[in-house]
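Remarks on the structure that follows.
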Amino acid sequence: MLNITSNINIQYLPLLVCGFANLNVILITAFSNHTYLVDYKLNPNPDAIHYVVLGNNILIHHEYSRNFEAPYVSDIFRTPGYPLFAGLCILLGGPLLLYTAQASLHIMICRFIYLMAKNSSSSHVPLIASSIIAVHPTLLILNIQAMSETLFIFTLCLAVLLLQRLLEKSNLLPSWRYLAPGLIIGTAILVRPAGLPLPLLTATVLLIVLSRRFGIIYSTKAASFFLIGVSTILLPWMLRNKIVFDRFVLTTNDTVVLIYFTGAGAYQIEHGIDREQASVMISREFHIHPPEDMWNYHTRNLSPVTLDSEAREVIHPVLVRYPNSLVKSCFYGLVKSIISHDADSLASILAIQPWSSPGNVDLLYFRHQSWNRLFANSSLLLAFFFIQLSINFTLLIFLPFGVIIICIQRKFIHILPIVMLIYTSFVCAASGLDAHSRFSSSILPFLSIVSSHGIHWILRLK
């Protein structure tokens, strides 16, 4: 039984909690490793450094390049959404401004989640869902890194919220109103190309739902305006790539992911090897360049067009080489990303004793040495580890109950988070066997909404 009475509107409590949690992370970082907050190059992830370099180069030198100095080789691997955001923040106020801006986005994400879950039959569901996201360690860690996930989740949640508001209206709205969600989805894709399948998926959903309520003509107009919005954002960048590289594509990153992450995962399962060995096998078997060349063509005097062309031709053969192992690796990767943790990243950011990994499988078998390694870590990292895993396991346990409750309600507005949960899970699974917790970050908003229905139902909150 939960009885909530307060003079303060309780729906804003998760926003305060989120702000407090992010403030504490920044303060702990300042106390432990203050130079991290003024030097973006201290981030252990090379992707973060590349994002900032791209942003700085385009804003200062008017060159979209990952090179630190001239000559600047034009880039087609990264889309410009996040580099512009990160570069602008760092130019105006350094890394601390970027991390503060991302913490602010995190607070707004909590609000979006509350509003998305507000259609539930209970006021506790949106409160539970937004509270979970407010303190989720994965997002707190991402906020103090120059990584694109926080901005992507912000734009994705905003687009879904707008779609919810449009679809819940019983009256016939002007079809051009669906232009706005399209513009935001396009922005999300420009931030993180993992959203590439979103336009087709969303347009299909609009056609199905709106045609049943208002007819095929109206649904076609609405879906068309939505796609026009997406195209308005994406086409200029694709035209730029056509002019510079003679390739009408958004990015070449998708090729690398499909071959050397999704495909490599199948090779890992099939041959019992790690991803580096799997990548070597694929490169030799299909006579294509290794992933290091495709990532770092700007420093190796290689043509990204040639690399991408030869690799795209073998995407299908690579993916169907070991179909059973491909399914297994995607499933294992999805589960691994959801139940993994960021204690190692936190240790690196704080510049404290590195995380001593006990091995999650060994922990489950209660092997003595594994537990000894676990408790050899600092109390801060241990607390972070247990909090993150506890939240993730709680969400997974209550997920099936949430799905059942939402399906029983038989309202599409309630089904929409499930649709997005399936989509984001599919994208995460495509990352292959070596998926990490940040790959599941876009799953968390929708997982929290669905699982919160289950938490409310099981605990019988009133």
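The values are calculated or read from the model by the stated rules, or taken from the named source; none is laboratory data. Everything numeric here is computed off the predicted structure, so don't read it as measured data. Counting neighbours? That spans all protein chains shown, and the Cβs are built from the backbone with ideal geometry, glycine included. To get the accessible areas, we keep the full protein, side chains included, count just its heavy atoms, and leave off ligands, DNA and RNA. Shrake-Rupley method; radii C 1.70, N 1.55, O 1.52, S 1.80 Å.
Figures for the structure shown
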item	result
Any pair with Cβ under 6 angstrom, 6 or more apart, that starts in segment 350-362 at a residue that is at negative phi and ends at one that is in a helix (DSSP H, G or I) and modelled with pLDDT of 85 or more	Leu350/Ser32; Leu350/Asn33; Pro354/Ala347; Trp355/Ala343; Trp355/Asp344; Trp355/Ala347; Trp355/Leu381
Subset of segment 390-404 that is farther than 10 Å from Ile455 by Cβ and among the polar types (S, T, N, Q) - its residue that is most open to solvent (accessible area, probe 1.4 Å)	Ser390
Ile141 vs. criteria open to solvent by less than 10 Å² (accessible area, probe 1.4 Å), touching a Pro at 6+ places or on another chain (Cβ under 7 Å) and in contact (Cβ under 8 Å) with a residue 24 or more places away in the chain	no
Boolean, Thr232 is touching a residue at least 40 places away in the same chain (Cβ under 8 Å) and either open to solvent by less than 50 Å² (accessible area, probe 1.4 Å) or at positive phi (or both)	no
Qualifying helices (runs of 4 or more DSSP H) (wholly inside segment 260-307; at least 2 residues being open to solvent by less than 10 Å² (accessible area, probe 1.4 Å) and modelled with pLDDT of 90 or more)	264-271, 275-286
Pairs, first under 17 Å from Ser74 (Cβ atoms) in segment 301-312, second open to solvent by less than 20 Å² (accessible area, probe 1.4 Å) and of a type in the set (S, T, N, Q), C-beta under 6 Å, six or more apart	Pro304/Thr252; Asp308/Thr252; Asp308/Thr255
Segment 57-83 - residue that is of a type in the set (A, V, I, L, M, F, W, C) and over 24 Å from the mean Cα position of the chain (by Cα) and, of those, farthest from Ala194 (Cα to Cα)	Ala70
Selection status of Ala146, within 21 Å of Thr79 (Cβ to Cβ), assigned to a loop (DSSP other than H, G, I, E, B) and either open to solvent by less than 10 Å² (accessible area, probe 1.4 Å) or free of Cβ contacts under 8 Å to residues at least 60 places away in the same chain (or both)	yes
Every pair of residues 6+ apart whose Cβ atoms lie under 9 Å, when the first sits in segment 317-335 and is closer than 24 Å to Arg438 by Cβ while the second is among the aromatic types (Phe, Trp, Tyr) and surrounded by fewer than 19 Cβ atoms within 10 Å (Cβ to Cβ)	Cys330/Phe426; Leu334/Phe426
Selected residue (only one of Ile58, Ile26 is part of a helix (DSSP H, G or I), surrounded by 14 or more Cβ atoms within 10 Å (Cβ to Cβ) and in contact with a Gly (Cβ under 8 Å, 6 or more places away or on another chain))	Ile58
Number of the exception - Phe214 against (1) more than 17 Å from the chain's Cα centre (by Cα); (2) at pLDDT 90 or above; (3) of a type outside the set (Gly, Ala, Ser)	(2)
Hits in segment 173-187 - residues which are in contact with a Phe, Trp or Tyr (Cβ under 6 Å, 6 or more places away or on another chain) and surrounded by fewer than 23 Cβ atoms within 10 Å (Cβ to Cβ)	Ser175, Trp176, Leu179
Per-region count, segment 93-127, residues more than 18 Å from Met147 (Cα to Cα), at pLDDT below 95 and either open to solvent by 30 Å² or more (accessible area, probe 1.4 Å) or of a type in the set (Asp, Glu) (or both)	5
Matching option when the condition is at positive phi and open to solvent by less than 30 Å² (accessible area, probe 1.4 Å), among Gly215, Gly195	Gly215
Residue within segment 40-54 that is open to solvent by 20 Å² or more (accessible area, probe 1.4 Å), closer than 30 Å to Lys242 by Cβ and acidic (Asp, Glu) present	yes
Qualifying residue in segment 82-100 (condition: in contact (Cβ under 8 Å) with a residue 60 or more places away in the chain and over 26 Å from Ala30 (Cβ atoms))	no
Test: Arg247 is part of a loop (DSSP other than H, G, I, E, B) and in contact with a Phe, Trp or Tyr (Cβ under 8 Å, 6 or more places away or on another chain)	no
Some residue of segment 412-427 being part of a loop (DSSP other than H, G, I, E, B) and either closer than 25 Å to Leu258 by Cα or within 16 Å of the chain's Cα centre (by Cα) (or both)	no
Unique residue being outside any loop (DSSP other than H, G, I, E, B) and farther than 21 Å from Val403 by Cβ when the list is Ile107, Ile113, Ile132	Ile107
